[in-house]
Amino acid sequence: MTLTSTAHVRPALLDAPLPLLIDGREVAGRGAVIDVMNPSTGEVLARATSATVEDVDAAVAAARTAFDDGRWSKLAPARRAALLQRWADLLEENIEEIALLESLNCGKPFPIARDFEIRQGIEILRYQSGWATKLNGETRDMSLPGTWHAYTRRQAIGVAGLIVPWNVPFTLAMSKLAPALAAGCTTVLKPAELTPLTAVRLGQLAVEAGIPTGVVNIIPGPGSVAGQRLAEHPDVDKISFTGSTAVGQHLLRTVSHDLKRISLELGGKSPVVIYPDADLSIAIPGAAQAIFANSGQVCAAGSRLYVHRDVADEVVAGIKKIAESMQLGAGTEPGTQMGPLVSSVQRDKVLDYLAQGVAAGGTIVTGGFAPERDGYFIQPTVMLIEDPQASVVKEEIFGPVLVAQTFGDEDSIEDVLAMANDNEYGLNSLVFTRDISRALLLAEGLQAGNVRVNTPAGMDPALPFGGYGMSGWGRENGREGVEAYTELKTVTIKLG
Ligand code: NDP
């Protein structure tokens, strides 16, 4: 494997089979040694050992002991916060290497990996570390006869099993590790088998930062083995999962036997609504970014466009122009704006959806094919389609594919809301208009956990993120994110 830029130093993790991290030690997983691919080239990037059921049990035992003996949960909150900050410092010192691993493993452009994703993950860690010293209960006044003292306490749930996907591996791992650790939980993280590299690197740096052994355990391995055992394990108190709705539903059934706590951050099929009064110089690049960022492999991607007929031609032509100007390439190639999809499986899934869309009467305005080159690329695509029930309109494609429909003056705000809400998912939604009343009415009526007005951006460590309906259960980030790793206890004392 050659790196395309001499500015990059080859990370050591690429040269030996990737280990697991259990109880502060690097150990070889007892499962198969698998190839970790570079999706930009289709070549093997690294080799990784994988966790068996026995390895998961060892990781959970380490996390259980570390929780029960209080080395983390009973540490002074300020000390816990300081260790998490030290970890954030080390991650920042190693940001070039971590971003390079992510860029090579996922195909994402290196500057975006470094300056946006990895940085955002570190910011999440810094933000959540602040909650370690601020998680408080309250006193409450009671109405029962007599004199009482009543208060609530937030206590760490225990061992948290964290299962993350391949689309934004470092940041999603940090969205779970940071709040879990700030709350005082101990953790076992299972990264996706396709993208285990940055998970192991962040685990190494947690040990170097002085976070006690057993508090952060990393177990790359197949979902059906390592993820499944984690979800079933009686000593795991909470599962936090990001990924497909199908696996989320399966995990819900899995944890039902012991009512393990569970958070689910699932898919999306988010609408983008553009009115003719919008500033199109913001709306057009905004809509393009909402679907083409990370090659469309984003749960919050704006993948359904509803554009007013008066500006539909201009908007679609503008997005087409951006799509056709995007430089596709390897993540580490200078100038790359869009990398490949993560795997040949994901690329073929997207191609299959494109064929379904055309069969359902869709017209491809631009893209719609896999370019002839190595790697798992899909040309950024815009499709016009009238059938609101077509699979490309209803289902999460998870690729750079925007499906566009129009509305007109005859459609009231309620009609537009009905179109936008006609989906089982409810993760994100974008509205472009200069009319403040219309924006607020849409924000009120959109059935989604997040509404963004006149921008595709809006992720922030302080802001809760999560979905309605089939997009999941619970919220990550913000105070809500850390509270999801606590149990709420109520104490009542009869004083007289
Ligand atoms: P999955 O939901 O299968 O994978 C997400 C994580 O769950 C991975 O770590 C995976 O492990 C793990 N997992 C899989 N099966 C189990 C199980 N039985 N028990 C516990 N953990 C398990 O997503 P895919 O990678 O298969 O992607 C399929 C589709 O899901 C995509 O095309 C996309 O539509 C959607 N998706 C949505 C994401 C989102 O953020 N909303 C993220 C990723 C995918 P492993 O991969 O190692 O087997």
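The values are calculated or read from the model by the stated rules, or taken from the named source; none is laboratory data. Note that this is a predicted model, so its numbers are computed, not measured. No Cβ is skipped: glycine too gets one built from the backbone with ideal geometry, and neighbour counts run over all protein chains shown.
Which residue, of Gly248, Gly267, Gly286, Gly302, is away from the ligand (no atom under 13 Å from the Cβ) and under 22 Å from Cys106 (Cβ atoms)? Working first, answer last.
Numbers: Gly248 fails: away from the ligand (no atom under 13 Å from the Cβ); Gly267 fails: away from the ligand (no atom under 13 Å from the Cβ); Gly286 fails: under 22 Å from Cys106 (Cβ atoms).
Result of the check over Gly248, Gly267, Gly286, Gly302: Gly302.
Within region 394-439, take every residue that is β-branched (Val, Ile, Thr) and surrounded by 22 or more Cβ atoms within 10 Å (Cβ to Cβ) and give me the one that is farthest from Gly339 (Cα to Cα).
Among those residues, the one meeting the criterion is Val416.
If I filter region 402-436 down to residues being of a type in the set (S, T, N, Q) and in a loop (DSSP other than H, G, I, E, B), which single residue comes out as nearest to the ligand (Cβ to nearest atom)? Applying the filter and picking the extreme gives Asn428. Looking at region 471-492, is at least one residue at pLDDT 95 or above, aromatic (Phe, Trp, Tyr) and in a strand (DSSP E or B)? Looking for residues that are at pLDDT 95 or above, aromatic (Phe, Trp, Tyr) and in a strand (DSSP E or B), one finds at least one in region 471-492, hence yes. For region 324-339, state whether one or more residues are among the β-branched types (Val, Ile, Thr), modelled with pLDDT of 95 or more and more than 16 Å from the ligand (Cβ to nearest atom). Among the residues of region 324-339, at least one is among the β-branched types (Val, Ile, Thr), modelled with pLDDT of 95 or more and more than 16 Å from the ligand (Cβ to nearest atom), which makes the answer yes.
Against the test of being out of contact with any strand residue (DSSP E or B) (no Cβ under 6 Å at 6 or more places or on another chain), within 8 Å of the ligand (Cβ to nearest atom), small (Gly, Ala, Ser) and more than 26 Å from Thr133 (Cβ to Cβ), the options Ser281, Ser256, Ser224 yield a single qualifying residue, Ser224. When you go through (1) under 25 Å from Gly467 (Cβ atoms); (2) buried (at least 18 other Cβ atoms within 10 Å of the Cβ) one by one for His250, which number turns out not to apply? That leaves (2) as the condition not met.
Consider region 31-60 and keep the residues that are touching a residue at least 24 places away in the same chain (Cβ under 8 Å) and assigned to a loop (DSSP other than H, G, I, E, B). The one that is nearest to the chain's Cα centre (by Cα) is Pro39. For Leu280, are the conditions met, namely being surrounded by fewer than 24 Cβ atoms within 10 Å (Cβ to Cβ) and either over 25 Å from Ala182 (Cβ atoms) or at pLDDT 95 or above (or both)? Against the criterion (surrounded by fewer than 24 Cβ atoms within 10 Å (Cβ to Cβ) and either over 25 Å from Ala182 (Cβ atoms) or at pLDDT 95 or above (or both)), Leu280 qualifies. Going by the conditions given, is Val342 in contact with a Cys (Cβ under 7 Å, 6 or more places away or on another chain) and modelled with pLDDT of 95 or more? For Val342, the condition - in contact with a Cys (Cβ under 7 Å, 6 or more places away or on another chain) and modelled with pLDDT of 95 or more - is met.
Within region 437-452, being away from the ligand (no atom under 16 Å from the Cβ), more than 15 Å from Ile291 (Cβ to Cβ) and either touching a Leu at 6+ places or on another chain (Cβ under 8 Å) or part of a loop (DSSP other than H, G, I, E, B) (or both) holds for Leu442, Gly445, Leu446, Gln447, Val451. Is one or more of the residues making up region 285-308 polar (S, T, N, Q), in a strand (DSSP E or B), touching a residue at least 60 places away in the same chain (Cβ under 8 Å) and closer than 23 Å to Asp23 by Cα? No - not one qualifying residue is present in region 285-308. Among the residues making up region 319-361, those that are assigned to a loop (DSSP other than H, G, I, E, B) and of a type in the set (Gly, Ala, Ser) are Gly329, Ala330, Gly331, Gly335, Gly339, Ser343, Ala360, Gly361.
Does Arg119 satisfy the criteria of being part of a helix (DSSP H, G or I) and under 16 Å from Phe170 (Cβ atoms)? It is true that Arg119 is part of a helix (DSSP H, G or I) and under 16 Å from Phe170 (Cβ atoms). Leu194 meets the conditions (1) of a type outside the set (Asp, Glu); (2) crowded, with 24+ Cβ neighbours inside 10 Å; (3) within 9 Å of the ligand (Cβ to nearest atom) in every case but one. The failed one is (2).
Run down Ile291, Ile274 and say which single residue is more than 10 Å from the ligand (Cβ to nearest atom), aliphatic (A, V, I, L, M), surrounded by 24 or more Cβ atoms within 10 Å (Cβ to Cβ) and under 30 Å from Leu100 (Cβ atoms).
Details: Ile274 fails: under 30 Å from Leu100 (Cβ atoms).
Selected residue: Ile291, the only one of Ile291, Ile274 that is more than 10 Å from the ligand (Cβ to nearest atom), aliphatic (A, V, I, L, M), surrounded by 24 or more Cβ atoms within 10 Å (Cβ to Cβ) and under 30 Å from Leu100 (Cβ atoms).
Of the residues examined, Ala160 is one that is out of contact with any Leu (no Cβ under 8 Å at 6 or more places or on another chain), under 29 Å from Ala61 (Cα atoms), at pLDDT 95 or above and buried (at least 18 other Cβ atoms within 10 Å of the Cβ). I need every pair where a residue in region 417-438 that is modelled with pLDDT of 95 or more has its Cβ under 8 Å from the Cβ of a residue that is acidic (Asp, Glu) and buried (at least 16 other Cβ atoms within 10 Å of the Cβ), sequence separation at least 6 or different chains. Close Cβ pairs (under 8 Å, with a partner that is acidic (Asp, Glu) and buried (at least 16 other Cβ atoms within 10 Å of the Cβ)) amount to Met419/Asp411; Tyr425/Glu396. Evaluate the following for Val350: is it closer than 22 Å to Pro276 by Cβ and touching a strand residue (DSSP E or B) at 6+ places or on another chain (Cβ under 8 Å)? So Val350 fails the test.
Each row is one residue, and each column tells you yes or no for (1) out of contact with any helix residue (DSSP H, G or I) (no Cβ under 8 Å at 6 or more places or on another chain); (2) outside any helix (DSSP H, G or I).
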position	(1), (2)
Val9	no, yes
Gly29	no, yes
Ala62	yes, no
Phe67	yes, no
Ser73	no, yes
Glu102	no, no
